[in-house]
Number of protein chains: 2
Amino acid sequence: MTVKNSQKERAADWFQKLQSDIIARFESLEQMAEPPLYRGAAGTFERKDWVRGDGSEDLGGGKMAIMRGRLFEKVGVHFSEVKGTFSEAFQAQIPGAAESGGTFWASGISLIAHMWNPHIPAVHMNTRMLVTSESWFGGGADLTPLLDCDRQPDAPDTVDFHAAMKSACDAHDPTFYPTFKDRCDTYFHLAHRNEPRGTGGIFYDRHNTGDWENDFAFTQDVGRAFANIYPELVKWRMNNGWNESQRDEQLIRRGRYVEFNLLYDRGTTFGLKTGGNIESILSSMPPLVKWP
Amino acid sequence: MTVKNSQKERAADWFQKLQSDIIARFESLEQMAEPPLYRGAAGTFERKDWVRGDGSEDLGGGKMAIMRGRLFEKVGVHFSEVKGTFSEAFQAQIPGAAESGGTFWASGISLIAHMWNPHIPAVHMNTRMLVTSESWFGGGADLTPLLDCDRQPDAPDTVDFHAAMKSACDAHDPTFYPTFKDRCDTYFHLAHRNEPRGTGGIFYDRHNTGDWENDFAFTQDVGRAFANIYPELVKWRMNNGWNESQRDEQLIRRGRYVEFNLLYDRGTTFGLKTGGNIESILSSMPPLVKWP
């Protein structure tokens with residue numbers, strides 16, 4: 001079934017609206033973070049538009065937004081809408097790309113937050129729509145608690161985060177949550193250390209049930225669930241003080257995050273090796289990391 | 001030509017002797033690093049032996065040595081001597097491995113130093129001997145100045161480091177230095193940023209001229225050249241004070257080092273993905289890194 005331009009527009013509008021909504025929520029959390037735990041003025045997002053390619057033809061681009069704040073040590077919330085033609089080598093890897101003559105359109109939002117407070121989990125969320133001769137949605141959200149004591153399936157933040165994702169899934173299909181939770185666990189795994197990146201969440205891809213409206217509604221629900229639950233977790237944790245050894249544990253755990261992103265993450269490695277927007281791709285890297 | 005056991009022994013003895021020699025030189029530099037620039041007591045190397053495999057058969061192992069000092073923020077100097085059988089998938093990538101039925105023997109030294117002082121370049125050195133049904137030497141040494149002002153081909157440390165490597169090469173063959181310098185530049189390149197990791201050095205691999213004695217002597221000369229020149233560079237730089245913005249520039253530049261190691265370095269990615277000794281492989285990671 002051919003995707004209409006109006007569907008692309010609606011999806012891109014949604015991802016952009018979600019970006020604005022999350023930015024507003026995160027800036028509001030920054031306001032709530034007060035001394036003595038949090039130092040300096042509340043942060044605000046720096047925004048930067050970028051254009052794909054050399055400008056000679058319209059290949060789309062994106063709206064980056066990065067905040068370096070007093071509660072959010074570093075957070076990127078990026079929107080993009082890109083189009084063009086995949087290289088022949090790449091077409092073979094993408095469903096429907098050979099049939100479309102390589103042409104594609106894609107739009108999405110991607111977000112990674114690294115917090116000053118070691119008690120607050122880092123988080124990643126990404127949802128997107130892709131169109132070749134086929135079309136589908138993909139994405140998910142997963143939580144990375146930094147301290148060992150919080151890296152348990154029954155830790156409260158993890159329980160609440162999973163409940164929020166399950167609720168978004170269950171509104172559409174009871175099989176979604178268990179399937180997408182498993183995929184998340186499988187994907188966010190550091191094979192060389194035989195350990196998970198975090199405590200999971202959901203991960204879905206090439207999602208096309210044949211009902212575009214419902215698939216789009218599902219992707220919207222995942223975004224809304226994320227935008228509601230993560231600020232709740234932050235508020236719940238943000239007044240916990242921390243000591244130097246917890247900060248240290250956080251910085252070391254962030255090293256695992258870097259290892260995952262550069263060794264395994266398909267988005268990161270593909271993006272970097274094929275001339276993607278480095279600034280946007282690497283804005284996911286933690287601001288300060290230790291390998292002691 | 002079959003390699004004799006006595007040749008393997010002589011090579012392994014040399015790598016181990018070089019490890020001890022470098023350790024003594026680095027510990028002596030630690031003694032020379034004094035307050036107020038360098039804080040706390042002089043560091044010494046922590047040594048740790050490791051055994052490859054589960055111990056049910058003799059697959060060799062290694063002697064790790066890591067120092068976290070006041071001048072050397074983190075430095076690993078590792079010796080290893082390993083043997084066994086390559087997997088079939090891997091045999092195809094290694095000369096002579098299919099012909100040897102997969103069996104191999106390897107010994108070498110590898111070293112990476114990250115310094116507190118941003119004026120002192122980081123350095124990497126690795127030399128090794130491999131035996132399948134063929135045998136060869138490989139290795140090299142390269143310098144990574146951290147501050148932009150020092151990352152120039154005519155910066156004094158870089159000039160002296162290259163002169164030392166050229167001298168080790170020229171004693172054996174006038175074509176070595178230009179060839180191995182080019183290989184080093186090609187290999188230590190961050191494609192996604194289109195920038196070099198550092199200011200180069202030499203890199204050689206599958207080196208077998210047909211004269212084992214001379215090839216071994218060359219590898220020894222590279223080791224000696226390194227063991228002489230790097231301490232000289234450290235001494236020349238170590239009394240330069242630094243400020244916070246230079247420390248910052250160092251920590252950011254170290255991020256590029258991490259990107260190289262996890263995205264491109266064949267030793268690191270191969271080792272991690274095939275169950276190598278994580279502690280030894282990742283001891284190359286800088287102790288503190290920023291992605292601001």
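So the values come out like this:
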{"quantity": "Cβ neighbours within 10 Å from other chains - mean over B:187-194", "calculated": "3"}
{"quantity": "Accessible-area value, B:CYS149, 1.4 Å probe, nucleic acids and ligands omitted, Å²", "calculated": "100"}
{"quantity": "Zone of B:ARG266's modelled label, taken as backbone nitrogen in the range B:118-134 under 11 Å from a point 7 Å along Cα→Cβ", "calculated": "none"}
{"quantity": "Sites B:PHE216 and A:GLU244, calculated FRET efficiency, Cβ-Cβ separation with R0 51 Å, nearest 0.05", "calculated": "0.55"}
{"quantity": "Pair B:GLN152, A:GLU195: separation of 7 Å Cα→Cβ label points (nm)", "calculated": "4.4"}
{"quantity": "Anisotropy class of the range B:205-292 from Cα gyration tensor, a/c 1.5 cut", "calculated": "oblate"}
{"quantity": "Chain B, closest residue to the rotation axis toward A, by beta-carbon, whole angstrom", "calculated": "B:LEU262, 2"}
{"quantity": "Accessible area buried, both sides summed, chains B and A with 1.4 Å probe, Å²", "calculated": "2000"}
{"quantity": "Theoretical ellipticity at 222 nm over chain A - DSSP helices of four or more residues, -39500 (n - 2.57) apiece, nearest 500", "calculated": "-13000 deg cm²/dmol"}
{"quantity": "Per-copy distances of the A:ASP58 label point, shortest first, in nm (7 angstrom along Cα→Cβ)", "calculated": "7.2"}
{"quantity": "Other-copy label distances relative to B:ASP211, 7 angstrom Cα-Cβ extension, nm", "calculated": "7.9"}
{"quantity": "Heavy-atom accessible area order for A:ARG256, A:ARG39, B:ARG47, B:ARG70, largest first, 1.4 Å probe", "calculated": "A:ARG39, B:ARG47, A:ARG256, B:ARG70"}
{"quantity": "Shielding by other protein chains, A:284-291, mean Cβ within 10 Å", "calculated": "6"}
{"quantity": "Distance between the range B:245-281 and the range A:248-264 - C-alpha centres, whole angstrom", "calculated": "12"}
{"quantity": "Size of electric dipole in the protein assembly as shown: Cβ of Lys, Arg +1 and of Asp, Glu -1, about Cα centre, debye, nearest 20", "calculated": "840"}
{"quantity": "Solvent-accessible surface (1.4 angstrom probe) belonging to B:ASP58, in square angstrom, nearest 10", "calculated": "110"}
{"quantity": "Whole-angstrom gap from the range A:40-61 to the range A:4-28, using each part's C-alpha centre", "calculated": "15"}
{"quantity": "Other-copy label distances relative to A:GLU195, 7 angstrom Cα-Cβ extension, nm", "calculated": "3.1"}
{"quantity": "Apportionment of accessible area to carbon and sulfur, the protein assembly as shown, percent (1.4 Å)", "calculated": "49"}
{"quantity": "Whole-angstrom gap from the range A:199-223 to the range A:134-190, using each part's C-alpha centre", "calculated": "13"}
{"quantity": "Under 25 Å between alpha carbons - lysine pairs in the range A:5-284 that sit 8 or more apart or on different chains", "calculated": "23"}
{"quantity": "Accessible area per residue, Å², the range A:212-292 with all protein chains present, probe 1.4 Å", "calculated": "37"}
{"quantity": "If the convex hull is drawn through the Cα atoms of the protein assembly as shown, its volume per residue in Å³", "calculated": "177"}
{"quantity": "Radius of gyration and Dmax over the Cα atoms of the range B:5-284, both given in Å", "calculated": "18.6, 59"}
{"quantity": "Protein-protein interface of the range B:250-266, residues with accessible area decrease of at least 40 Å², isolated chain reference, 1.4 Å probe", "calculated": "B:LEU262, B:LEU263"}
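The values are calculated or read from the model by the stated rules, or taken from the named source; none is laboratory data. Just so you know, these numbers come straight off a predicted model, no measurement behind them. Note that each Cβ is placed from the backbone with ideal geometry, even for glycine, and that neighbours are counted across all protein chains shown. Ligands, DNA and RNA are stripped out before the accessible areas are found, and what is left, the full protein with its side chains, is counted by its heavy atoms. Shrake-Rupley method; radii C 1.70, N 1.55, O 1.52, S 1.80 Å.
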